[in-house]
Ligand SMILES: Nc1ncnc2c1ncn2[C@@H]1O[C@H](COP(=O)(O)OP(=O)(O)OP(=O)(O)O)[C@@H](O)[C@H]1O
Ligand SMILES: [Mg+2]
């Protein structure tokens, strides 16, 4: 087992750039999730690590070994394909044993020569892994006779049995229905904790990414935007794309303008006015707020805006409220403007559509982005809301 | 009460109609075979055969034609059969191996001019093979390959490659790339992946291709007639023609039909052995295994 290092990897297909200058260092035994929308180049990155695709420029290291010129079989990497790619003509047992049968290991008596694994050795490994994954009873079945969840386990078993340097998993859970999926997620996490092997896991599902990854590598249009722990990507996104891509429900964005007002600056969006500091000049700015950082109260307290509930999405343990926020209570807006829409996550069944509410938020939690989506680290809310 | 009876009626009508159609189709399919079998068991001249076929007279049934065909013809049936099996077997084996490689390359490798090559092969297969006899003959005459085994095996195999190559390509197109890639990841070279994964997956289409590659040379008359001059290399098809046009003047239908029957027996045997794969290959489009 080893870590994996990508050094300035770029992959171009004819005209389009699928992977754009990606550098990523994955530690030995780490579980890294590559998260991105469809077509962002996740699969291509995995295939380059596996050697199924050759990068246009850049280098791949497995452990300390530069493997650019290595065939897939010489990289000793296991991969679970999105489609599982089980051999349809072989039983589950043979699917798992297949790689072991072609494998050669050094001979005990003469290390310069090699030999195939014996039948007993192969059988022992296959049964061991099958037991671990709970598929020992279905080893004689063909892939077509297995359920989606069972196929996924066979594909995992086929990867584990080879004891590879690292595991590459391309959306292995996306073909499962929601219920088995969350189970499979937990099992996969346990498996990693048990094997302590390097895992590179590709998904477009941010919940999956959050629960599984030691670190998330967020890609968009072939670029690596950020690689950080799940907590850091949530609390310190480097740009607006990452901020909107991780976290569920999605972050609320207020696109407004910063105006200079008598010595200071104020963020203005419709009837909402928020004093801010840290900017050099007026201009377009977006404030991002997590829905769970937005407080909704029935009574007015200092620093809240008055609003109305326009919709409720019942998520089970909590509700997502859709709110229209108007001016702060008491203040009379000089120009009546369209209300601002927000979303907030609150305890289930506390509010209903049409309720008049008061909305506040912790000024320290607000994130600022410029018009290009870059994070404005220096900006913050300067004083409590009026 | 009434509607139900009417429904039952229409069901019956449908059943009867479909049976009538099937029986007629069956007669069309089976009658020629019946005709040949009964004719082969008689020694009657052509004039008497029709009546005999419609109402066979058991006392006139005899195996004497078979006796003549199998034991008293020259060249002997066994020699003809041996030659046919050599030609058809070699063409099927060589053609199949090459077709498997061709199909694999055309389906799974990316090389410049691949599409052009596919269209080129399709174009070739549109020509009836007979039009190529003359060029082949001239070419092989120069090479001294006329009247030799190898000289006929080459065009037979080439024909099989053209046809079966496309067949195999189309089948391999339906096998997802990631199955082969899984084999590469599992530690195989591309060659190993080809023989250990792709070939086993393609068995249905390879069975069909083998059958067709075998049938072509087995029933070919045109090439064999032009290329083979000495009778010790004759195939069954030439033998059949020889009996048909023997210089006794009157054609002996008993001999011809009994020859046709013993000639078709190896094909029937071949079919029965590979039936599972051939039927799989023929129904590829409908159900993918
Ligand atoms: N073999 C190829 N030839 C040409 N373009 C390709 C090839 N493979 C991928 N691409 C392109 O590269 C881009 C990235 O593809 P990739 O499959 O890596 O995306 P992905 O993030 O895995 O998407 P998904 O979530 O849908 O699987 C896509 O725009 C795709 O069209
Ligand atoms: Mg993908």
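The values are calculated or read from the model by the stated rules, or taken from the named source; none is laboratory data. Not measured: the values here are computed from a predicted model. Positions of Cβ are generated from backbone atoms using ideal geometry, with glycine treated the same way; all protein chains shown enter the neighbour counts.
For this structure, a couple of remarks:
- Failed condition for residue A:100, given (1) within 14 Å of chain B (Cβ to nearest Cβ); (2) within 14 Å of ligand 2 (Cβ to nearest atom): (2)
- If you check B:169, B:142 for being touching a helix residue (DSSP H, G or I) at 6+ places or on another chain (Cβ under 9 Å), at pLDDT 90 or above and more than 14 Å from every other protein chain (Cβ to nearest Cβ), only one passes: B:169.
- Flag if residue A:2 is farther than 30 Å from residue A:149 by Cα, touching a strand residue (DSSP E or B) at 6+ places or on another chain (Cβ under 8 Å) and away from ligand 2 (no atom under 16 Å from the Cβ): no
- Checking each residue in the range B:60-104 for being in contact with a helix residue (DSSP H, G or I) (Cβ under 6 Å, 6 or more places away or on another chain) and not in a helix (DSSP H, G or I) picks out only B:75.
- Filter pass, residue B:127 being more than 25 Å from residue B:216 (Cβ to Cβ) and away from chain A (no Cβ under 14 Å): no
- Strands (runs of 3 or more DSSP E) fully within the range A:208-302 that include at least 1 residues being surrounded by fewer than 20 Cβ atoms within 10 Å (Cβ to Cβ), touching a strand residue (DSSP E or B) at 6+ places or on another chain (Cβ under 7 Å) and not assigned by TED's automatic domain parsing to the domain that holds residue A:190: A:252-261, A:264-269, A:272-277, A:283-289, A:294-297.
- Qualifying residue in the range A:35-49 (condition: in contact with a helix residue (DSSP H, G or I) (Cβ under 9 Å, 6 or more places away or on another chain) and away from ligand 2 (no atom under 15 Å from the Cβ)): no
- Residues of the range A:162-183 classified as more than 16 Å from ligand 1 (Cβ to nearest atom) and within 14 Å of another protein chain (Cβ to nearest Cβ), total: 6
- From A:146, A:117, residue being within 12 Å of chain B (Cβ to nearest Cβ), surrounded by 12 or more Cβ atoms within 10 Å (Cβ to Cβ) and more than 16 Å from ligand 2 (Cβ to nearest atom): A:117
- The listed residue being within 14 Å of chain B (Cβ to nearest Cβ) and either away from ligand 2 (no atom under 16 Å from the Cβ) or touching a residue at least 40 places away in the same chain (Cβ under 8 Å) (or both), out of A:200, A:219: A:200
- For residue B:147, the conditions (1) over 13 Å from residue B:100 (Cα atoms); (2) assigned to a helix (DSSP H, G or I) all hold with the exception of (2).
- Total residues in the range A:149-160, condition at the interface with chain B (Cβ under 10 Å from one of its Cβ atoms) and either within 13 Å of residue A:125 (Cα to Cα) or not in a helix (DSSP H, G or I) (or both): 2
- Residue B:254, sole failed condition from (1) buried (at least 21 other Cβ atoms within 10 Å of the Cβ); (2) within 14 Å of chain A (Cβ to nearest Cβ): (2)
- Residue match in the range B:204-217 (condition: surrounded by fewer than 21 Cβ atoms within 10 Å (Cβ to Cβ), facing another protein chain (nearest Cβ under 10 Å) and in contact with a helix residue (DSSP H, G or I) (Cβ under 8 Å, 6 or more places away or on another chain)): no
- Only one of B:21, B:53, B:69, B:38 that is modelled with pLDDT of 90 or more and under 27 Å from residue B:271 (Cβ atoms): B:21
- Strands (runs of 3 or more DSSP E) contained entirely in the range A:6-118, each with at least 1 residues that are closer than 30 Å to residue A:142 by Cβ, within 16 Å of ligand 1 (Cβ to nearest atom) and in contact (Cβ under 8 Å) with a residue 60 or more places away in the chain: A:77-80
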